[in-house]
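Structure, as structure tokens:
The values are calculated or read from the model by the stated rules, or taken from the named source; none is laboratory data. All values reported here derive from a predicted model rather than from experimental measurement. All Cβ positions, even for glycine, are placed from backbone atoms using ideal geometry, and neighbour counts span all protein chains on display.
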Amino acid sequence: MAFPNLFCHIFVIIHVNLNNMQKFFTLFLFLCAFTQVSRASHEYAGQITAKNIGTSSYQIKITLWVDSMGLTINNLPYQIQTGGATTPESAALVSTTTVGNGILENVYLDTLLANSAGNYKVVYSNCCRNGLITNLTNPTMAELYLYCDIVHNPIQVNSTPEFSNVPAFFSGVNDTLLHNPLAIDPDGDSLVFSWANPLGAGGAPLTMSALAYPSAPAYNFTVDPVVGEITWIPSMTGAFAYAVKVEEYRNGVLLSTSAREATVTICVGCKTAMASEFQFYNKSSWPQPVKHYQFETYANTPFNMTFSGGVSTINTNTLKMKIIGEQNQFANAPVFAPTQTGSTISGNYSWTPTSSQIRNRPYLNVILGTEQSATNETRTKEHTLLFKVNATPSRLDDLENAQVNVYPVPGNTMFYVDVQNIQHQLNSIEILNAYGQVIYSAKIEHGVHVFQIDCSSWASGTYILKTKGESVLTKKLNIQH
């Protein structure tokens with residue numbers, strides 16, 4: 001356990017005025033330990049990423065969100081685990097930013113030199129958690145454990161995905177929570193998202209309370225496996241810990257795993273500055289959970305769209321709206337500068353994708369509308385947007401083929417079929433075995449759909465995926481147990 005240097009130095013000075021050495025050491029150890037617990041109990045969320053900055057060099061980035069009562073230390077201890085060995089390291093504080101509602105975002109950076117190929121785990125752990133967390137058993141004795149795993153291969157450059165959207169820290173009872181952590185991968189690899197149990201000492205799953213809220217199926221806390229969006233309608237107050245895990249695949253091979261852990265407080269009558277659902281894109285209502293709006297764009301063709309939103313009553317509060325996403329990483333990043341007029345806000349989004357940005361998988365984005373009250377409380381509403389870059393609008397077959405994505409490859413016990421049926425060209429999918437027998441079929445409705453298919457009982461080998469509609473398209477599937 002590492003103690004904050006500031007407080008330990010203070011109590012060394014106090015030692016001069018104490019006559020009883022035993023009393024001093026007792027007080028010293030207690031207060032240093034208390035300081036450590038005090039700092040940890042104010043950590044609301046965190047994540048770790050590893051960015052390749054050279055053949056064998058990685059920039060380690062640890063992001064912690066703490067409340068304004070927590071201590072911000074200049075050097076954060078963490079560990080590198082590889083080949084059965086554990087090496088203590090330290091990351092330096094590079095920025096502290098206020099993100100609203102008394103929450104600070106602290107970013108720490110360090111450099112890892114991977115001396116040999118293999119698996120590397122980056123770990124930050126700290127005891128203890130906030131005692132107000134409702135869904136963990138004895139949270140004041142539980143560690144906060146953050147990690148990312150990366151497979152280092154000198155001939156295969158790779159960086160882990162990074163969650164780019166600030167966590168949602170507050171929501172109201174019976175208020176639909178739509179939040180996308182927005183995991184962006186700089187290498188464009190396939191990502192799979194899932195709920196993850198909060199971890200404690202040694203990376204062991206923490207014991208959930210008997211209530212197990214919100215992770216129990218009955219409470220409908222869901223994580224979209226393709227876009228990572230969290231959907232939840234909380235029905236009770238409290239502070240709830242959860243984690244979202246992202247797995248990164250390239251050509252069917254798992255390259256990295258990381259998770260963001262966060263705490264969301266559900267309350268009645270708090271953080272409710274926003275008068276009503278914040279509306280976007282001149283729509284009277286937004287598609288409900290797991291229905292994301294996809295925009296079709298084309299290489300070397302300017303794309304322009306006006307997004308607007310607002311609240312139901314005129315007020316003097318500050319409105320903000322922004323779009324963040326994968327495109328922001330490009331040299332030809334989109335331009336979006338909204339302005340507020342009364343209780344509404346609007347802005348034109350413009351982007352010209354290049355030919356090198358054509359790909360089957362849509363680009364993931366989030367649009368956020370925020371209102372700040374006169375007492376500096378903030379309330380944010382958000383929705384997931386997908387931007388699809390096509391080669392040309394004139395070749396229907398190419399467009400259809402680009403709308404079906406299968407991962408991971410090869411499949412093992414489970415795989416996903418992502419169908420972007422925006423133009424409604426498709427109506428069903430089938431999977432055939434080596435004998436031409438249909439072993440799986442499903443209808444395809446209009447919109448974005450992800451089929452999670454259990455193939456654990458299938459024999460290893462090659463299968464055929466057929467998508468039917470205006471034309472029949474086929475893809476080969478490989479199952480390997």
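Number of residues in region 113-124 that are over 23 Å from the mean Cα position of the chain (by Cα) and either surrounded by fewer than 19 Cβ atoms within 10 Å (Cβ to Cβ) or part of a strand (DSSP E or B) (or both) equals 5. Can you find even one residue in region 79-95 that is assigned by TED's automatic domain parsing to the domain that holds SER256, under 19 Å from SER258 (Cα atoms), crowded, with 16+ Cβ neighbours inside 10 Å and touching a residue at least 40 places away in the same chain (Cβ under 8 Å)? Yes. Taking into account only those residues within region 227-242 that are surrounded by fewer than 23 Cβ atoms within 10 Å (Cβ to Cβ) and of a type in the set (A, V, I, L, M, F, W, C), which is nearest to LEU177 (Cα to Cα)? Selected residue: ILE233.
Scanning region 359-380 for residues that are of a type in the set (D, E, K, R) and either modelled with pLDDT of 80 or more or surrounded by fewer than 22 Cβ atoms within 10 Å (Cβ to Cβ) (or both) turns up ARG359, ARG361, GLU377. Of everything listed in (1) assigned to a strand (DSSP E or B); (2) in contact with a helix residue (DSSP H, G or I) (Cβ under 9 Å, 6 or more places away or on another chain), the single unmet condition for PHE193 is (2). Within region 52-76, the set of residues being closer than 21 Å to ALA243 by Cβ and either in contact with a Phe, Trp or Tyr (Cβ under 8 Å, 6 or more places away or on another chain) or surrounded by fewer than 14 Cβ atoms within 10 Å (Cβ to Cβ) (or both) comprises ILE60, LYS61, ILE62, THR63, LEU64, TRP65, VAL66, ASP67, LEU76.
Okay, residues lined up against (1) modelled with pLDDT under 50; (2) of a type in the set (Val, Ile, Thr); (3) under 22 Å from the mean Cα position of the chain (by Cα):
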| residue | (1), (2), (3) |
| --- | --- |
| HIS15 | yes, no, no |
| THR26 | yes, yes, no |
| PHE30 | yes, no, no |
| GLU43 | no, no, yes |
| GLN59 | no, no, yes |
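The combined condition, being closer than 14 Å to LEU146 by Cβ and modelled with pLDDT under 95, is not fulfilled by ALA114. Against the condition of a type in the set (Gly, Ala, Ser) and out of contact with any Leu (no Cβ under 6 Å at 6 or more places or on another chain), how does SER194 come out, does it pass? Judged against the criteria, SER194 is a match.
If you check LEU191 against the conditions, is it crowded, with 18+ Cβ neighbours inside 10 Å and either farther than 17 Å from ALA50 by Cβ or not assigned by TED's automatic domain parsing to the domain that holds ILE53 (or both)? Considered against the rule, which asks whether it is crowded, with 18+ Cβ neighbours inside 10 Å and either farther than 17 Å from ALA50 by Cβ or not assigned by TED's automatic domain parsing to the domain that holds ILE53 (or both), LEU191 comes out as no.
Restricting region 153-173 to residues that are in a loop (DSSP other than H, G, I, E, B) and hydroxyl-bearing (Ser, Thr, Tyr) leaves a set whose member that is farthest from the chain's Cα centre (by Cα) is SER159.
Residue by residue through region 125-143, note down the ones that are in contact with a Pro (Cβ under 8 Å, 6 or more places away or on another chain) and under 19 Å from LEU109 (Cα atoms). Selection gives nothing. Only one of (1) crowded, with 21+ Cβ neighbours inside 10 Å; (2) in contact with an Asp or Glu (Cβ under 6 Å, 6 or more places away or on another chain); (3) over 30 Å from LYS381 (Cα atoms) fails for CYS127. Which number is that? CYS127 satisfies all of (1) crowded, with 21+ Cβ neighbours inside 10 Å; (2) in contact with an Asp or Glu (Cβ under 6 Å, 6 or more places away or on another chain); (3) over 30 Å from LYS381 (Cα atoms) except (1). Taken over region 244-259, the criterion of being assigned to a strand (DSSP E or B) and surrounded by fewer than 23 Cβ atoms within 10 Å (Cβ to Cβ) is satisfied by LYS245, GLU247, TYR249, ARG250, VAL253, LEU254, THR257. Only one of the numbered conditions (1) more than 26 Å from ASN405 (Cα to Cα); (2) in contact with a Phe, Trp or Tyr (Cβ under 9 Å, 6 or more places away or on another chain) is not met by SER190, and that is (1). You will find that of LEU64, LEU76, the residue that is among the aliphatic types (A, V, I, L, M), part of a strand (DSSP E or B), under 30 Å from GLU371 (Cα atoms) and in the same structural domain as THR160 (by TED's automatic domain parsing) is LEU64 and no other. I want to confirm something. Restricting to region 434-481 and keeping residues that are among the polar types (S, T, N, Q), at pLDDT 85 or above and part of a loop (DSSP other than H, G, I, E, B), which single residue is nearest to HIS292 (Cα to Cα)? Among them, the one singled out is SER456.
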